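Sharing a structure with you now.
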Amino acid sequence: MAESVKVLPQDIQEIIEVREWDMRTREGVKRFMELKAKSLPSIAISDELVFEAIIPMQEELIAAIRDRYAPNGE
Amino acid sequence: MFIFRTKGVCPPEIHFEISGDLLKNVSFVGGGCRGNAQLITRLLEGLEVSRALPLLKGIQCRNGTSCPVQLCQAIEQAIRGDLAESGDIRVHQAPQQFSRVAVVADLKGDLPALQALLRVNADALICLGNSTGPDDDNDAVLEAADGERVIFLQGPGDRTDSNPHFFTFSMGNRRAVGFYSGYIQELTGFSDYSRFSLELLMVCNLSGYLQNEEVFPALLAMTDQFEADVVLFAHTGLYRHIKLGSVDFINVGPVKQGDRNLWAILELEGEDIRVSFEATPDISGL
């Protein structure tokens, strides 16, 4: 899952900040519960659970990011 | 052993020991470059702290820090007394195989219940914790269990702190682990990356002692990384057995249930384990 995020195009990388949570840790489990996730792997964008139990295609992930991207002032 | 929780680097924890003035068993845990980490461990093993510290300083990697710098900070905190040495999380592994075990919890010094348990035909009798308690029969319980096939685990209500926190044993090809509850993660020696920590966190923190069935898909996904495929735990007061994938989760409640004594029986049947709950009348009033 982390690799699919890391290979996103440069223009997408520049507008996102990526944080990976390890489900083997207390911190990771806590974040999983905060997001109300139920399955793995999961991707949240701006605290919203967007993809669950799947690794999205690049195009889907990019579209989901762009849909939620709001540049300053817009 | 010292456990230092890092900031800004890949491994979330650094474990190390200081023996006299010597660094021992440095370990970068939970992430990062394994190859370089192992090299650092080898190079630092047995090195005087005074010689190690200058070597660790001033190295930059990311976020304005690095693994060597984090280790340097950890050692300096340990020397100043700002980082407490962690207590041990005790894991006891049974040396022999079992084919039939009885498991209880929350015995709480109940001698008649223990005596009933001693009459059960089993290779081992396991109390997951709180074997002693406020009752007056604690000494009698400990004496009755002495030399028998009884294993007491550590519970938060036990009056002494010397029992293992985790007990692991084999039944055929199955590997079992028992513990009382998630209280163990509050102890200073607990690390997310130690043996059976994953099983504990998944049972207690993720699934709420298997009472949050909504997260069972995630729990199932994580069982691939378990060392144990039979996980026994207490704490909830419930008796329950759930199989997720290839892992048997068994919640064991208090031994005293109204006017009867109740326990779990695990019995090896071929390649598998049969789980049942058995009750006997409580005859303590007779």
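Residue B:168 versus (1) within 13 Å of chain A (Cβ to nearest Cβ); (2) surrounded by fewer than 22 Cβ atoms within 10 Å (Cβ to Cβ): which is the lone unmet condition?
Of the numbered conditions (1) within 13 Å of chain A (Cβ to nearest Cβ); (2) surrounded by fewer than 22 Cβ atoms within 10 Å (Cβ to Cβ), the odd one out for residue B:168 is (1).
Listed here are the residues, each with its yes/no results for (1) in contact with a strand residue (DSSP E or B) (Cβ under 9 Å, 6 or more places away or on another chain); (2) within 20 Å of residue A:24 (Cβ to Cβ).
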position	(1), (2)
B:3	yes, yes
B:18	yes, no
B:33	no, yes
B:47	yes, no
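Also, I was wondering about something else. Report yes if residue B:249 is of a type in the set (Phe, Trp, Tyr), at pLDDT 95 or above, within 24 Å of residue A:36 (Cβ to Cβ) and buried (at least 22 other Cβ atoms within 10 Å of the Cβ), otherwise no.
On the way: of a type in the set (Phe, Trp, Tyr): yes; at pLDDT 95 or above: yes; within 24 Å of residue A:36 (Cβ to Cβ): yes; buried (at least 22 other Cβ atoms within 10 Å of the Cβ): yes.
Criteria met by residue B:249.
Something else now. Do we have residue B:231 as under 23 Å from residue B:157 (Cα atoms), out of contact with any Cys (no Cβ under 8 Å at 6 or more places or on another chain) and outside any loop (DSSP other than H, G, I, E, B) here?
yes
Can you tell me which residue in segment B:141-165 is surrounded by the fewest Cβ atoms within 10 Å (Cβ to Cβ), limited to those that are free of Cβ contacts under 8 Å to residues at least 24 places away in the same chain and not in a loop (DSSP other than H, G, I, E, B)?
Here the residue is B:143.
Another question, if that's okay. In segment B:80-89, what count of residues is obtained for those that are among the aliphatic types (A, V, I, L, M) and surrounded by 14 or more Cβ atoms within 10 Å (Cβ to Cβ)?
Of the residues in that region, 2 qualify.
If you take the residues in segment B:211-257 that are among the small types (Gly, Ala, Ser) and touching a residue at least 12 places away in the same chain (Cβ under 8 Å), which one is farthest from the other protein chains (Cβ to nearest Cβ)?
Per the criteria, the residue is B:253.
Something else: Name the pairs whose Cβ atoms lie under 9 Å apart, with the first residue in segment B:76-102 and within 19 Å of residue B:190 (Cα to Cα), the second surrounded by fewer than 16 Cβ atoms within 10 Å (Cβ to Cβ) and of a type in the set (Ser, Thr, Tyr), and 6 or more positions between them or separate chains?
Qualifying pairs under 9 Å: B:84/B:188; B:85/B:188; B:86/B:188; B:87/B:188; B:90/B:162.
Would you mind stating whether residue B:8 is within 20 Å of residue B:83 (Cα to Cα), of a type in the set (Gly, Ala, Ser), touching a residue at least 12 places away in the same chain (Cβ under 8 Å) and not in a helix (DSSP H, G or I)?
Yes, satisfied.
Sticking with this one: Say we look at segment B:194-228 and pick out the residues that are part of a loop (DSSP other than H, G, I, E, B) and of a type in the set (D, E, K, R); which of these is surrounded by the most Cβ atoms within 10 Å (Cβ to Cβ)? So that I can check it myself, show each step before the final result.
Of segment B:194-228, the ones part of a loop (DSSP other than H, G, I, E, B) are B:194-196, B:207-212, B:226-228.
Cutting the leftovers down to of a type in the set (D, E, K, R) gives us B:195, B:227.
Values: B:195: 15, B:227: 11.
This residue is B:195.
The values are calculated or read from the model by the stated rules, or taken from the named source; none is laboratory data. Values in this document were obtained by computation on a predicted structure and should not be read as measured data. Neighbour counts are summed over all protein chains in view; Cβ atoms, including those assigned to glycine, are modelled from backbone coordinates with ideal geometry.
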